[in-house]
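Trainee: Here you go, one structure.
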Amino acid sequence: MKSSSKMSRREFLKRLGVLGGGVIIGFNTFDSRLWARKPRAGFLGAGIPTDFNAFLRIGANNRIALYTGKIEMGQGVMTSIPQLLAEELYVNIEAVDIIMGDTDLCPWDAGTFGSLSIRHFGVFLREAAVEARGVLLELAADRLNAPIGRLATENGFIFDSSSPTLRVSYGELTQGNIIEKYLDDLPPLKPLSAFEIMGKSVPRRDALEKVTGTAKFSGDIRLKGMLYAKILRQPAHGAKLIKADTAAAKKIDGLQIVEQGDFIAVLHKHPDVAQQGLARINAQFDRPKTGINDRTIFDHLLKSTPTPEIASQGGNLKTGEKKAATVIEKTYYNSYVSHAPMEPHAAVADFDGKKLTVWASTQTPFRVKDMIAGQLDLSADQVRVITPYLGGAFGGKSASQQALEAARLAKRLRKPVQVAWSRAEEFFFDTFRPAAIVKIKSGIDSAGKMTLWDYNVYYAGMRGSKQFYEIPHHKEVVHGRWRGLSGRYHPFAVGPWRAPANNTNTYARDMQLNLMAAKAGADPLQFRLAHLKDRRMLNVLRAAAEKFGWQPIKTPSGRGYGIACGIDAGTYVAFMAEVEVDKGSGSVDVKRVVCAQDMGVVVNPEGAATQMEGCITMGLGYALAEEVRFSDGELLDLNFDTYSIPTFSWLPKIETVILENPNLAPQGGGEPAIIGMGGVVATAIYDAVGAAVFQLPMTPERVKAALRQV
Amino acid sequence: MLETIRFKLNGRPVRLEVNGERTLLWVLRTDLGVTGPKYGCGEGLCGACTVLADNEAVLSCQITIKDIAGSEITTIEGLAQNGKLHPLQQAFVEHAGFQCGYCTPGMILKAYSLLADNPTPSRQDIIDGMDENLCRCGAHTRIVAAIETASRRMKGGMK
Ligand code: FES
Ligand code: FES
């Protein structure tokens, strides 16, 4: 099977032809410069075309169609990505239409994750726009009979600056066609300081559809003759089907059953009837007895650990320990956490005998396309994946098993099929944030300076583990990342969860720092500042402190003030919070959270603030309540009755500060503001009542247990 | 067993031959193709499936089609009148009271019902009233702000 990221020139032009128009303008049909453009590198870049036509098309009516493999899952890139294009192409933002996540129409993309849409894809898009504009200028010079140096661009028009009435629109030049003409050298991108459209809050493009109910999610796709499928699931991970009796189900009028080995699906034109049919299947499973559950998991995980990798190191740990007057050694734990997007996985597939079209709730449409083609013996161009709106994802919609299930059934039955997971299936098949362990041994000298930081993190991963404090003797070792460990170490699938690894690492680091500060008799903020040289970190901490009104005092102070900070996706972020702890019940009320962020140039400030608020609110969940309970492969939390996520009544007062940093290209925005939520709440609880909680989530029971140790 | 069920959906009369025991959510979403009400949990735990029955918020995953016979059902699709957004919808747009938008139909209709009962709610009233509607994206602060704005603009009236 050929991966869709490798595309011949002919295929490429064919694909562009799908977009309509297709007459090629320009001079040299086989312009070699197109392919001479430096190929992109790396897993994320290599498959992305260098031809600017893949990213945009200018219609005769002067509207610009922008094509991107990114998807909209609530993070707002549908609104911010067009800002990038409009900026470099000198067009009005309203003139840009965006087409997202369609594998037939959009340039290849690795997927929407890692806060990369703006800082990574955005650069390619801007390059495409810059080249397109350069080419348009060349075409306009011919058309207007004016030297190119005298031409200027504004709002989709090119005019002769010495006689501005002499002008031509982009659309008149392209007539909606591919522009088969390229520049020898890519002109420079606009300097950050010249941005006019980026950096402004623009209203969300999806607003109207989302408030009127016209926004389509995958489960809202309706095709003629479509069947809804429900699939027989094992009761526990690792369970094997022994036998299934489908006789009773077959009695339901209009019900269809597909049995392929242990894959059994019931289909009906009404999903609720299909569900009833499924309930009538009498199935027996062989269930594993592993003895692994949410209480024994940490011992299990520590029994044999993956190969360690060093994230960062400096000095010599032995020396650091010798120089220390006080050494503190602690172990931190965090539980499995679910993504639990409000929209469970859904997909619709339709096969016409040649082409399989799949609408799927996925963060990785191109990967899904390749997976389906590979699994169902189709060529890559026989499969088209279209991505409607996603109802949240947070890293959990990458594997996209539901798309394969729908595709498989549609191909087999030659009928459109929808697979929409129930909430229980959503929990069962979630690729959880891994349970993890962090062991830290750290020391301070008699002057309160940190001399030692010996850091080992198991299973969480690399992100956020690197040292950024000035500690002469330190070593940060990562034992296993979230990728690739599902079968052997974890009892079910794990995967990236909003800012993977960084929540765990930041929680452990900040709690440990406050224990050190306490030993040193220092204020936790001053303690951090005294061990930092990195300007950006100093700036976000100071900005947060100013907004919060932090008054230095040693911890525990009884005030219930917490602090945390870290780096994620190139963004620096600092948190401060105030909590109240009910000593009797152990329950924690987070009253206020301040978050200050330096994310370089901000493309859409309003959108960025929204993302920060979302991160903070969501982060309260893993800090205080969210934890997946299980036993012998069976999930014990399958709905929101026992798995609680933050609700309105949890809401603290949230204040966000975005620092100005106009000299740095845009950095990540969808994840950083969640990384400190465990740490800031943990340090605040400690400050309030002197109880250090060593396991996330900090449930009332765990807080009470910690109080008993005080 | 098929029976004839009549009700009003977004102002238009509907007559269905259905098994009266079927869940309103699925009849709306499939038989009637009205996909504004969303499935989020199926057990009355999230509010994504909220619709209005005679102006009161109900969880459509928890009631049968028979239960609403004769009622007036409003889904998010029916809230805007003559192309004009309801003040709640307008306020959700202005405050960006959503991210992924999956909870939004339920949020808006729940808020509608809340304001019908209590046209001038305090912030705490809003928080209490909305607490059972879940939003995973964390749009809560903006949803509260949107409801406050809408309530102010509506000055106690429902239009
Ligand atoms: S789907 Fe009805 S309450 Fe969740
Ligand atoms: S906006 Fe995504 S669940 Fe509320």
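Trainee: For the protein assembly as shown, with only Lys/Arg (+1) and Asp/Glu (-1) charged at the beta-carbon, what is the dipole magnitude about the Cα centre, in debye rounded to 20?
Mentor: Here the size comes out at about 1280 debye.
Trainee: Turning to a different aspect of this structure: With the dipole of the protein assembly as shown worked out from charges on the C-beta (+1 for Lys and Arg, -1 for Asp and Glu) around the Cα centre, which of A:Met342, A:Ala403, A:Pro472 lies farthest toward the positive end?
Mentor: A:Pro472
Trainee: Next question. Hey, rough spin-label estimate for A:Glu660 and A:Glu580, points 7 angstrom out along Cα→Cβ, what's it come to in nanometres?
Mentor: My value for the distance between the label points is 3.8 nm.
Trainee: Moving on. When Cβ neighbours within 10 Å are restricted to other protein chains, what is their mean count per residue of peptide A:636-649?
Mentor: Mean shielding by partner chains, rounded to a whole number: 5.
Trainee: Here's a follow-up. Would you tally the net charge around A:Gly111, using a Cβ to Cβ cut-off of less than 10 Å, leaving A:Gly111 out, and scoring K and R as +1, D and E as -1?
Mentor: Summing Lys/Arg as +1 and Asp/Glu as -1 gives +2.
Trainee: Apply 1/(1 + (r/R0)^6) to the Cβ-Cβ distance of A:Gln375 and B:Val14, taking R0 = 45 Å, and write down the FRET efficiency to the nearest 0.05.
Mentor: It comes to 0.60.
Trainee: In square angstrom, rounded to the nearest 10, how much accessible surface does A:Thr357 have for a 1.4 Å probe?
Mentor: Here the accessible area works out near 30 Å².
Trainee: Quick one: length gained pulling A:Val123 to A:Lys354 fully straight, 0.36 nm per residue minus the C-alpha distance? Walk me through the numbers before you get to the answer.
Mentor: On the way: separation 231, 0.36 × 231 = 83.16 nm, distance 3.61 nm.
Fully extending the segment from A:Val123 to A:Lys354 adds 79.5 nm.
Trainee: To the nearest 10 square angstrom, what accessible area does B:Ser122 show with a 1.4 Å probe?
Mentor: B:Ser122 exposes around 50 Å² with every protein chain in place.
Trainee: Given only helices, namely DSSP H runs of n ≥ 4 each adding -39500 (n - 2.57), what is the per-residue ellipticity at 222 nm of the protein assembly as shown, to the nearest 500 deg cm²/dmol?
Mentor: My calculation for the protein assembly as shown gives -8500 deg cm²/dmol from helical runs alone.
Trainee: Bin by bin, in steps of 10 Å, what percent of the Cα pairs in chain B do you find, going until the bin that has the longest distance?
Mentor: Pair shares across the bins are 11, 42, 33, 12, 2.
Trainee: Another question, if that's okay. Taking 32 Å as the cut-off for C-alpha to C-alpha distance, list the pairs among A:Lys70/A:Lys224; B:Lys66/B:Lys155; A:Lys210/A:Lys591; A:Lys397/A:Lys653 that go past it. Intermediate values should be presented prior to the final figure.
Mentor: Numbers: A:Lys70/A:Lys224 28 Å; B:Lys66/B:Lys155 36 Å; A:Lys210/A:Lys591 30 Å; A:Lys397/A:Lys653 30 Å.
Where the Cα-Cα span goes over 32 Å, the pairs concerned are B:Lys66/B:Lys155.
Trainee: Size of the range A:211-268 along its principal axes in angstrom, Cα-based, largest extent first?
Mentor: Extents along the principal axes, in whole Å: 47, 31, 16.
Trainee: Send over the Kirkwood Rh of chain A, from the inverse of the averaged 1/r over different Cα pairs, rounded to one decimal Å.
Mentor: Mean inverse Cα-Cα distance, inverted, gives 27.5 Å.
Trainee: Moving on to the next point. How much FRET efficiency would the formula 1/(1 + (r/R0)^6) give for A:Ile553 and A:Lys653, where r is the Cβ-Cβ distance and R0 is 25 Å, rounded to 0.05?
Mentor: The pair A:Ile553/A:Lys653 has a calculated efficiency of 0.75.
Trainee: Given a 1.4 Å probe and every protein chain left where it sits, what share in percent of the accessible area of the protein assembly as shown is carbon and sulfur?
Mentor: 50 percent
Trainee: I want the antiparallel fraction of DSSP beta bridges within chain A, as a percent rounded to 5. Walk me through the numbers before you get to the answer.
Mentor: Details: 80 of 111 bridges.
About 70 percent, rounded to the nearest 5.
Trainee: Could you list the residues of the range A:52-87 with an amide nitrogen less than 17 Å from a label point located 7 Å from the Cα of A:Asn155 in the Cα-to-C-beta direction?
Mentor: Correct set: A:61-64, A:86-87.
Trainee: With an 8 Å cut-off on Cα pairs and a minimum separation of 6 or more residues, tell me the relative contact order of the range B:1-61 in percent.
Mentor: Relative contact order, the range B:1-61: 23 percent.
Trainee: How do B:His95, A:His473, B:His140 rank by accessible surface area computed with a 1.4 Å probe, from largest to smallest?
Mentor: B:His95, A:His473, B:His140
Trainee: Right, next: Measuring from the lowest to the highest alpha carbon on each principal axis, how far does the range B:87-154 reach, largest first, in angstroms?
Mentor: Answer, in whole Å and largest first: 28, 23, 17 Å.
Trainee: Gap in Å between the Cα centre of the range B:42-77 and the Cα centre of the range A:451-491?
Mentor: If you average the Cα positions of each part, the centres end up 48 Å apart.
Trainee: Please work out how much accessible surface A:Thr326 shows to a 1.4 Å probe, ignoring ligands, DNA and RNA, in Å² rounded to 10.
Mentor: My reading of the accessible area for A:Thr326 is about 40 Å².
Trainee: Computed FRET efficiency, Cβ-Cβ of A:Lys250 and B:Leu32, R0 35 Å: what is it to the nearest 0.05?
Mentor: For A:Lys250 and B:Leu32, the calculated efficiency is 0.80.
Trainee: Next up: Cα centroid distance between the range B:121-150 and the range A:283-304, in Å?
Mentor: 40 Å
Trainee: Still on this structure, I have one more. What is the dipole size for the range B:87-154, taken about its Cα centre, with +1 at each Lys and Arg Cβ and -1 at each Asp and Glu Cβ, in debye to the nearest 20?
Mentor: Its charge dipole is roughly 220 debye.
Trainee: While we're looking at this one, here's another question. About its Cα centre, how strong a charge dipole does the range A:156-304 have in debye, to the nearest 20, once Lys and Arg get +1 and Asp and Glu get -1 at the Cβ? Write down the numbers at each step before the final one.
Mentor: Values: 22 positive and 17 negative charges, 181 e Å.
Dipole size: approximately 880 debye.
Trainee: Go through the range B:71-114 and flag every residue whose accessible area shrinks by 50 Å² or more with all protein chains in place compared to the isolated chain (probe 1.4 Å).
Mentor: B:Phe98, B:Gln99, B:Cys100, B:Tyr102
Trainee: With a sphere of radius 12 Å drawn around the Cβ of A:Glu578, what net charge do the other residues whose Cβ falls strictly inside it have (Lys, Arg +1; Asp, Glu -1)?
Mentor: Taking every Cβ under 12 Å from that of A:Glu578, the sum is 0.
Trainee: Answer with one residue from A:Gly42, A:Pro107, A:Phe394: the one whose Cα lies farthest towards the positive end of the charge dipole of chain A, charges on Cβ with Lys, Arg +1 and Asp, Glu -1.
Mentor: Farthest along the dipole direction, towards plus: A:Gly42.
Trainee: What total accessible area, in Å², is buried where chains A and B meet, using a 1.4 Å probe and rounding to the nearest 100?
Mentor: Buried area between the two chains comes out at roughly 4100 Å².
Trainee: Do the alpha carbons of any pairs in A:Lys269/B:Lys8; A:Lys230/A:Lys411; A:Lys289/A:Lys439 sit beyond 26 Å of each other, and which pairs?
Mentor: Numbers: A:Lys269/B:Lys8 24 Å; A:Lys230/A:Lys411 16 Å; A:Lys289/A:Lys439 30 Å.
Over 26 Å apart, Cα to Cα: A:Lys289/A:Lys439.
Trainee: Average partner chain C-beta neighbours within 10 Å, per residue of A:453-461?
Mentor: Neighbouring Cβ atoms belonging to other protein chains average 0 per residue here.
Trainee: In 5 Å bins starting at zero, report the fraction of Cα pairs in the range A:139-202 per bin as a rounded %.
Mentor: The percentages, shortest bin first, are 3, 14, 19, 21, 20, 16, 5, 1.
Trainee: Quick one: check the C-alpha center-to-center distance for the range A:122-149 versus the range A:594-619, whole angstrom.
Mentor: Each part's Cα centre sits 35 Å from the other's.
Trainee: Another one. When the convex hull of the Cα atoms of the range B:2-78 is projected onto a plane and the area is averaged over all directions, what value comes out in nm²?
Mentor: Hull-based average projected area comes out at 4.2 nm².
Trainee: Could you compute the net charge surrounding B:Asp128? Neighbours are other residues with a C-beta less than 13 Å from the C-beta of B:Asp128; K and R count +1, D and E count -1. Mind dumping the intermediate values first?
Mentor: Details: positive: B:Lys110, B:Arg123; negative: B:Asp117, B:Asp125, B:Asp131, B:Glu132.
The answer is -2.
Trainee: Per residue, how many Å² of accessible area does the protein assembly as shown show with a 1.4 Å probe?
Mentor: Details: 32520 Å² over 869 residues.
That works out to 37 Å² per residue.
Trainee: I would also like to ask the following. Roughly how crowded by other chains is peptide A:270-277, in terms of the mean Cβ count from those chains within 10 Å of each of its Cβ atoms?
Mentor: 4
Trainee: Among the trypsin sites (Lys or Arg not before Pro) within the range A:388-465, which fall in a DSSP loop and have no more than 14 other Cβ atoms within 10 Å of their own Cβ?
Mentor: A:Arg414
Trainee: Of A:Thr174, A:Ala436, B:Ile108, which is farthest on the positive side of the dipole of the protein assembly as shown, counting Cα position, with +1 on Lys and Arg Cβ, -1 on Asp and Glu Cβ, and the Cα centre as origin?
Mentor: A:Ala436
The values are calculated or read from the model by the stated rules, or taken from the named source; none is laboratory data. Given the structure is predicted, the values throughout are model-derived calculations rather than measurements. Methodologically, a virtual Cβ is constructed for each residue, glycine included, from the backbone with ideal geometry; neighbour enumeration extends over all protein chains shown. Quick note on the areas: whole protein, heavy atoms, side chains included, nothing else; ligands and nucleic acids left out. Shrake-Rupley method; radii C 1.70, N 1.55, O 1.52, S 1.80 Å.
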